[in-house]
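Working notes, beginning with the structure itself.
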Amino acid sequence: MNNANTMGVPVLLAHPFRPFFLLAGIYAIVVVLGWIAFLFGGWPIPLGWSPLQWHSHEMLYGFVAAAIAGFVLTAMTNWTGAHPLQGLGLLSLLLLWLAGRLAMWFAGWLPGWLVAVVDLAFLPVLAIYMAHVLISHQNRRNLVLVAVLTLLFIGNLYMQIGFATGKTGLLQTGQLLGLDLVTVLIVVIAGRIIPAFSSNWLRSNGHNPEAVKTFRWLEFASLGSVVLLLLVDWLPLPIQAASAAALLAGAANGVRLAGWAGWKTAREPLLWILHLAYLWVVVALLLRGASAFTDTIAPTVWQHALGVGGIGTLILGVMTRVAVGHTGRPLQLQRFAVFAYIAITGAAVLRLLAAAGLLDYRLGVSLSALSWVVAFSLFVLLYAPVLAAPRPDGRPG
């Protein structure tokens, strides 16, 4: 058998998605449990900073960054035909991410400059490695992802400077930049995979794949509008400008999503979860846009629709699909894993209700956190054996 073990590489280090997805799942649980313990349990997390901003930082630049690394490093091998990062090189990148997480957890006991240096190191190293592989394999089209990773580093830098100086404005800028950039990534990546996966599924199940519609002008409008929102957020413009851009982005991406005919794939959980995740992104953009024009929508509601609903759901959906698809297993959801999808949806709805003041804050946040933990605990329990086992077909990776 020509699998990773026979070549002296541990299975978990045979392909980037294996350890990064597992760590992302575990950290999704740890960071939310720690946050709730601090928020409601009186647990003295040694932060030294605003616990709210620390939580936002670790969700964006910790949990989400790990999931992004697992996906883009894996997808890059398909785009270029390059050998996947594995073994010692992959372990080094994993340890760099882990060192950043430990630095942030023990930030109150470490010099601020050390925390910043260690935490900031991961994204530039990831971006440099990706740029090297893409350029050496003449795949310049996907260098846009390197640019996004570089901007994510800048967002993280804003937050670290904010932590060091106590300037809330810098922390908020870094958080907003991170949310905007992850939205751009979702629009780019989900825009590639969701219609393609949906068309393939319809074709293989005897349906008309042309039911999935994509239009060049709409692709441009969908991506261009979220990039416009990113640019507006960086400029000293009235809040109404960003709200108008958000409404435009929500409308364009809503029409785009409708064209993918997600209702036709409702029998396949691995597909409807991706459509649902994109719907949450559309809802978040529309909520953000509307919040500036009415007092009935709290200004932070959209962040939870995007963070828990859009980002959390898409990460879970992609990880459950890639975990089986890239290990040579049948492309189907593990038994009981649909409950993870139900739980993450419940987490998003509950968090939205709490943020909107429609549910008692303590109760709503606690129940949302519990649902989130259930969702990612199920992922870890059901998919850790898959991620840690060799491919059944004996192929490497």
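The values are calculated or read from the model by the stated rules, or taken from the named source; none is laboratory data. Values in this document were obtained by computation on a predicted structure and should not be read as measured data. Quick reminder, even Gly has a Cβ in these numbers, built from the backbone with ideal geometry, and neighbours come from all protein chains shown. Quick note on the areas: whole protein, heavy atoms, side chains included, nothing else; ligands and nucleic acids left out. Shrake-Rupley method; radii C 1.70, N 1.55, O 1.52, S 1.80 Å.
Just to verify a result, which residue in the stretch 7-29, among those that are surrounded by fewer than 17 Cβ atoms within 10 Å (Cβ to Cβ) and outside any helix (DSSP H, G or I), is modelled with the highest pLDDT?
Kept after step one, since they are surrounded by fewer than 17 Cβ atoms within 10 Å (Cβ to Cβ), are these residues of the stretch 7-29: 7-8, 10.
Those left that are additionally outside any helix (DSSP H, G or I): 8, 10.
Details: 8: 79, 10: 93.
The residue in question is 10.
Assess whether residue 365 counts as being of a type in the set (A, V, I, L, M, F, W, C), in a helix (DSSP H, G or I), open to solvent by less than 50 Å² (accessible area, probe 1.4 Å) and under 20 Å from residue 270 (Cβ atoms).
Values: of a type in the set (A, V, I, L, M, F, W, C): yes; in a helix (DSSP H, G or I): yes; open to solvent by less than 50 Å² (accessible area, probe 1.4 Å): yes; under 20 Å from residue 270 (Cβ atoms): no.
Spelling it out, it is not the case that residue 365 is of a type in the set (A, V, I, L, M, F, W, C), in a helix (DSSP H, G or I), open to solvent by less than 50 Å² (accessible area, probe 1.4 Å) and under 20 Å from residue 270 (Cβ atoms).
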Next item on the list: Kindly provide the set of residues from the stretch 99-112 that are touching a residue at least 40 places away in the same chain (Cβ under 8 Å), assigned to a helix (DSSP H, G or I) and surrounded by fewer than 17 Cβ atoms within 10 Å (Cβ to Cβ), ordered by number.
Entry: 108, 109, 112
Note to self: For the stretch 238-338, give me every one of the helices (runs of 4 or more DSSP H) that falls completely inside it and has 1 or more residues that are open to solvent by 60 Å² or more (accessible area, probe 1.4 Å) and not aliphatic (A, V, I, L, M).
What the structure shows: 239-259, 269-291
Check: If you check 123, 73, which single one turns out to be in a helix (DSSP H, G or I) and free of Cβ contacts under 8 Å to residues at least 60 places away in the same chain?
Finding: 73
Note to self: Of the conditions (1) more than 22 Å from residue 117 (Cβ to Cβ); (2) touching an Asp or Glu at 6+ places or on another chain (Cβ under 9 Å), residue 160 satisfies every one except a single condition; which number is it?
What the structure shows: (1)
Notebook entry, point to check: Are there any pairs, at least 6 apart or on different chains, whose C-beta atoms fall under 6 Å, with the first in the stretch 267-280 and at pLDDT 95 or above and the second not in a helix (DSSP H, G or I), and if so, which?
Noted result: 269/333; 270/333; 272/266
Checklist line | When residues of the stretch 175-220 are limited to those that are touching a Pro at 6+ places or on another chain (Cβ under 7 Å) and among the aliphatic types (A, V, I, L, M), the one most open to solvent (accessible area, probe 1.4 Å) | finding: 212
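Looking only at the stretch 339-369, which residues are more than 19 Å from the chain's Cα centre (by Cα) and under 22 Å from residue 67 (Cα atoms)? Give the steps one after another, and end with the answer.
Initially, the stretch 339-369 is screened for residues more than 19 Å from the chain's Cα centre (by Cα), giving 339, 350, 353-367.
Answer for the stretch 339-369, where residues must be more than 19 Å from the chain's Cα centre (by Cα) and under 22 Å from residue 67 (Cα atoms): just 339.
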Item checked: Test: residue 82 is in contact with a helix residue (DSSP H, G or I) (Cβ under 6 Å, 6 or more places away or on another chain), assigned to a helix (DSSP H, G or I) and hydrophobic (A, V, I, L, M, F, W, C) -> no
Checklist line | Candidates 171, 143, 181 - the one that is modelled with pLDDT of 95 or more and assigned to a helix (DSSP H, G or I) | finding: 181
Check: Inside the stretch 30-77, can you point out the residues that are within 30 Å of residue 141 (Cα to Cα), open to solvent by 20 Å² or more (accessible area, probe 1.4 Å) and of a type in the set (Phe, Trp, Tyr)?
Finding: 71
Check: With 286, 359, 352 as the choices, which residue is free of Cβ contacts under 8 Å to residues at least 12 places away in the same chain and farther than 30 Å from residue 394 by Cα?
Finding: 359
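Would you check which residues across the stretch 151-167 are closer than 22 Å to residue 231 by Cβ and either under 17 Å from the mean Cα position of the chain (by Cα) or part of a loop (DSSP other than H, G, I, E, B) (or both) and list them?
Hits for the stretch 151-167 are 151, 152, 153, 155, 156.
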